[in-house]
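Input: a single structure, listed below in structure tokens.
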Amino acid sequence: MRARQLRARDMLRGDLEGEELERHVEEKVVMTSFERMLGWARSNSIFPLTFGLACCAIEAPIAVVGSPRYDLARFGAEALRASPRQADMIILSGRVSVKMAPVVRRLYDQMLEPKWAVSMGACSSSGGMFSNYAVVQGADKFMPIDLHIPGCPPRPEAVLYGFNKLQRKIQGNPDQGWRARYGAAGTEEWARGGPRSAPSAEGDEAYLVARELIGA
Amino acid sequence: MAEPQRPPGGEAETEVMTVNIGPHHPATHGVLRLVVDLEGEVVRDLRPVIGYVHTGIEKSCEDKSYWKVIPFVERMDYVSYFFQMEAFCGALERLVGLEIPERAKYLRVIFLELNRIHSHLVWLGTTGLDLGAVSMLWYCFRERDRILDLFEMAAGQRMHTRYFQVGGVIEDIPLGFEEKLRSFVADMPVRVGQYLDLLDRNEVFLRRTKGTGVVPRERLLELGVTGPLLRAAGEPWDLRKTFDYLAYPRFDFKVPVGTVGDNYDRFRVRLAEMVESTRIVEQALDGLPEGPFIADDRKYVLPPRSELSTSMESLIHHFKLVTEGYRVEPGEIYYAIESPRGELGCFVLADGSAKPARVHFRDPSFVNLQAFRDMSVGTYVADMICSLGMLDPILGGVDR
Amino acid sequence: MPDAPGLELIRGEIEQDHPGAVVDTSFAQERAVLVVDAAQVLPVLRWLRDSPGQGYRFLSSLHAADYLPAEPRFAVHYELLNRDRVERIGVKALLADPAVGDQGEGPRTDTLARPQAPPGQDPQSDLPQIDSCVSLFPTAEFQEREVFDFFGIVFRGHPDLRRILMPEDYVGWPQRRDFPMGGEPVTFTYNERNYG
């Protein structure tokens, strides 16, 4: 550690030469592609839209973003913006009623690219416990959603975990942890238009293997 | 009465402009849409448009057996969920004629008052945020997290705990709950004093809230307004004192009442209510009786699981209650309690089957919203935002 | 609550001033209810509010219930509260459904598909009608709109009767018993892929 400090001081003074300089550069300078750097920057500086619909709004954004215990500021996302034109990410926290759906869609359209939509809780992901005339059964029906967080309401830790997954998705590196663990690669469900939305033989086979593994 | 500024000398041409505030707006406390007629900055007319989070809960309840209705009605007014549970379970208990044990009454009171403190903390945090006192949000939510820890300890879930059941509460409080609650109760009055210190001598806050949003007491009564809004206007009406339900008559607590009925009085009334709720919780903890936490009547209450392996009758009761649910004789009941926003009433119509034929909630925010027009017409837009914060509407209850 | 004899006394006094208004009384679970005929509900409410001995000046709640298949089908409930004596009384106004055919074939099932007539303007409209009590209790304004929105009960004399919680152009009366629960299936990709 002390050796590195001395070397850095030498470099600043212009005293490092030759092999020492190369070694220093290797340690200090990160070589990466532009997309990855952009992804890293974007994911760590998300501007969420202040948008709360119902119960989940009390858990997040208020309890997650605005609470000292579960703090979203450590992920760089504390700058909540009220105007959709200035926001990156919309968190649909709460049940989307039939009257509210066009309003949400309009808000989403007003956001600028690149934008992400997080559907928090069971109600906005799939209508939740309200399977009736007044609630849209999943915000998927009228807008593209990037991340679903289950729960009613989800624990703030779950929201933060979902947020981390969104960050990895933005960086182009979606989390494949549990599928690798259970040998269930190929069973992902992709929305229509995604790379694997058409049925494939490998996918169905992998599904059957996975079912056997869990003993179903 | 506020008047728009006019340029000196000469007539200015003014027109009334209709502005739409919401349903997505940082200050609307949920998805409330206001169509406001403005002349300059003075509000001339105001029409609230609601229904943006209407969930059809009342209709959904007609399709579910009685105990499955409890999680549904919890989610109406999503900040004071224990109150909806108490309104529904209390209504059913009266309809059926079921007496709940003493310990259950005390436990219900403890959780109801904790939920009242929770609701007022959320109100204070968000209203402070609306008015520009942003640090109130952080302080209030720190306390709120402690309350949610207590709920999680007892019921397993932070919000929407489905802790009350017909006949009592679903589970007894665990070990360690009492100490944690006592330490919270000891801290809370100090915290409320700190909130007062933050806001009560803040010149901006005082100028914004004093004298704004005044509605005379008789007009509030005509409009059906109850709760802290009515008490701030000078009317000492609190259902906890007038109708004795649960164990409230045994506790010694005061009902804070204001004088003028402006936004500052509403603020002080709610803060004082937080302190009074703390006292009620303390007294309830001190007097918590031993005994069963849920009634014994196997027709309506699940038997304890330890009995299921030994008694055939318990097994049959359990099976019937879980699959079909209990049937309630035809009848109607209306039962009202004092929620943090006012009178929360529950109407249940039973038709003899295992599902209710009609469940209706008289939600206080829905009725209090009618007073908003009276509060804001003739004042500035900024005062309207302040009144909206002090009105404390929760749109889940308004829209159901 | 007025007890059972007190309720009968109230009924007797109302009968003197407005004969035929009170159809029935009911006292169950310590709750006193006056069942009245819908055409005379305003005089009964005014009597309960203004009579010197009564003074039920606070309307706690106004809601409706659908008693299908019992007749009359609808009932509008008024929960009144006397704050001085701390007593509640309920008034239940029974309303029949005019959409029932003369042969008694039951409510029309095509009312959902037809566009609804503007409220209160079409005398031939097959929506049940009752007088609005906004003049007596201003708190009823939003609550009557809610009853109209969900049951289609028209309140004559309401200043602004239109839908309040459903979208303005919604067709149908959601909380009637014969209105379907609704809700479409959730789009799980597995279902779409395998079942179309």
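Averaged over peptide A:59-72, how many Cβ atoms belonging to another chain are found within 10 Å of each residue's Cβ?
4
What do you get for chymotrypsin sites (Phe, Trp or Tyr not before Pro) in the range B:324-354 restricted to DSSP loop and a cutoff of at most 11 other Cβ within 10 Å of the site's Cβ?
Counting only loop positions with at most 11 other Cβ atoms within 10 Å, none of the chymotrypsin sites (Phe, Trp or Tyr not before Pro) in the range B:324-354 qualifies.
Considering only the protein assembly as shown, what is the antiparallel percent among its DSSP beta bridges, to the nearest 5?
Percentage antiparallel, nearest 5: 75.
Quick one: grab the alpha carbon gyration tensor of the range B:64-119, order the square roots of its eigenvalues as a ≥ b ≥ c, and give me rounded if a/c is under 1.5, else prolate or oblate depending on whether a/b is larger than b/c.
It is oblate, given that a/c is not under 1.5 and a/b is not larger than b/c.
Shielding of B:362-372 by partners, i.e. mean partner chain Cβ atoms within 10 Å per residue?
Rounded to a whole number, the mean comes out at 3.
Chymotrypsin sites (Phe, Trp or Tyr not before Pro), restricted to the range B:172-224: which are DSSP loop and have at most 12 other Cβ atoms within 10 Å?
none
Using +1 on the beta carbon of Lys and Arg, -1 on that of Asp and Glu, and nothing else charged, what's the dipole of the protein assembly as shown about the Cα centre, debye to 20?
Charge dipole, the protein assembly as shown, about its Cα centre: 1700 debye, nearest 20.
How many angstrom lie between the Cα centre of the range C:125-154 and the Cα centre of the range B:278-309?
42
Per residue of C:166-172, what is the mean number of Cβ atoms on other protein chains within 10 angstrom of that residue's Cβ?
Mean inter-chain Cβ contacts per residue within 10 Å come to 4.
Run lengths n ≥ 4 of DSSP H only: what is the helix-derived mean residue ellipticity at 222 nm for chain B, with -39500 (n - 2.57) per run over all residues, to the nearest 500?
Helix-only estimate at 222 nm: -15000 deg cm²/dmol.
Test of understanding: express the Cα radius of gyration of the protein assembly as shown as a ratio to 2.2 N^0.38 Å, with N the residue count.
1.04
Please list 3J(HN,Hα) in residue order for the range B:230-237, calculated via the Karplus relation 6.51 cos²θ - 1.76 cosθ + 1.60 where θ = phi - 60°; whole Hz, with x for glycine and proline.
Each residue of the range B:230-237 in turn: 6, 5, 5, 7, x, 9, x, 10 Hz.
Which angle from 0 to 90°, rounded to the nearest 10, does the C-alpha axis of helix B:102-131 make with the longest principal axis of chain B?
Once rounded, one gets 20 degrees.
Please work out whether the range C:124-184 counts as rounded, prolate or oblate from its C-alpha gyration tensor, where a ≥ b ≥ c are the square roots of the eigenvalues and a/c under 1.5 means rounded, while otherwise a/b larger than b/c means prolate and anything else oblate?
It comes out prolate by the Cα gyration axes.
Whole-Å semi-axes of the range B:263-366's equivalent ellipsoid, largest first, each the root of 5 times a Cα gyration tensor eigenvalue?
37, 24, 9
Name the residue farthest towards the positive end of the dipole of the range B:195-352 from the options B:Phe293, B:Phe347, B:Leu223, assuming +1 on Cβ of Lys and Arg, -1 on Cβ of Asp and Glu, about the Cα centre.
Going by the charge dipole, the pick is B:Leu223.
Multiplying the sequence separation of B:Ser353 and B:Ala382 by 0.36 nm and subtracting their Cα-Cα distance, what value in nm do you get?
That pair, B:Ser353 and B:Ala382, stretches by 5.2 nm at full extension.
Once you put a point 7 Å from the Cα of A:Lys169 and another 7 Å from the Cα of B:Val16, both along the Cβ direction, what distance in nm separates them?
For A:Lys169 paired with B:Val16, the spin-label model returns 4.7 nm.
Which residue fluctuates most in the GNM of chain B (Cα springs below 10 Å): B:Leu315, B:Leu229, B:Leu121?
B:Leu315
Any idea what the relative contact order of chain B is, in percent, if you count C-alpha pairs under 8 Å spaced at least 6 apart?
26
In debye, nearest 20, what is the charge dipole magnitude of chain B about its Cα centre with +1 on Lys and Arg Cβ and -1 on Asp and Glu Cβ, if you could check?
380
How big is the Kirkwood radius of the range A:66-161, worked out from every pair of different alpha carbons and given in Å to one decimal?
It is 13.9 Å.
What FRET efficiency, computed as 1/(1 + (r/R0)^6) with R0 = 35 Å and r the Cβ-Cβ distance, is obtained for B:Asp297 and C:Arg46, rounded to the nearest 0.05?
0.20
If I model a spin label at C:Thr25 and C:Glu168 as a point 7 Å from the Cα along the Cα→Cβ vector, what separation in nanometres do I get?
Roughly 4.7 nm, to one decimal.
Work out the FRET efficiency for B:Val190 and A:Ala82 from their Cβ-Cβ distance, taking R0 = 51 Å, and round it to the nearest 0.05.
Taking R0 as 51 Å, the efficiency between B:Val190 and A:Ala82 is 0.90.
Give the residue list of trypsin sites (Lys or Arg not before Pro) in the range C:140-178 that are DSSP loop and have at most 14 other beta-carbon atoms within 10 angstrom.
C:Arg162
Tell me whether chain B comes out rounded, prolate or oblate; compute the Cα gyration tensor, take square roots of the eigenvalues as a ≥ b ≥ c, and use a/c under 1.5 as the rounded threshold.
prolate
Under 12 Å from a point 7 Å along the Cα-to-Cβ line of B:Lys320: which residues of the range B:270-304 have their amide N that close?
Those under the cut-off are B:298-301.
The numbers here are math on the coordinates, done by the rules we state, and not lab data. A quick note: this is a predicted structure, and the numbers were derived from the prediction, not measured. Counting neighbours? That spans all protein chains shown, and the Cβs are built from the backbone with ideal geometry, glycine included.
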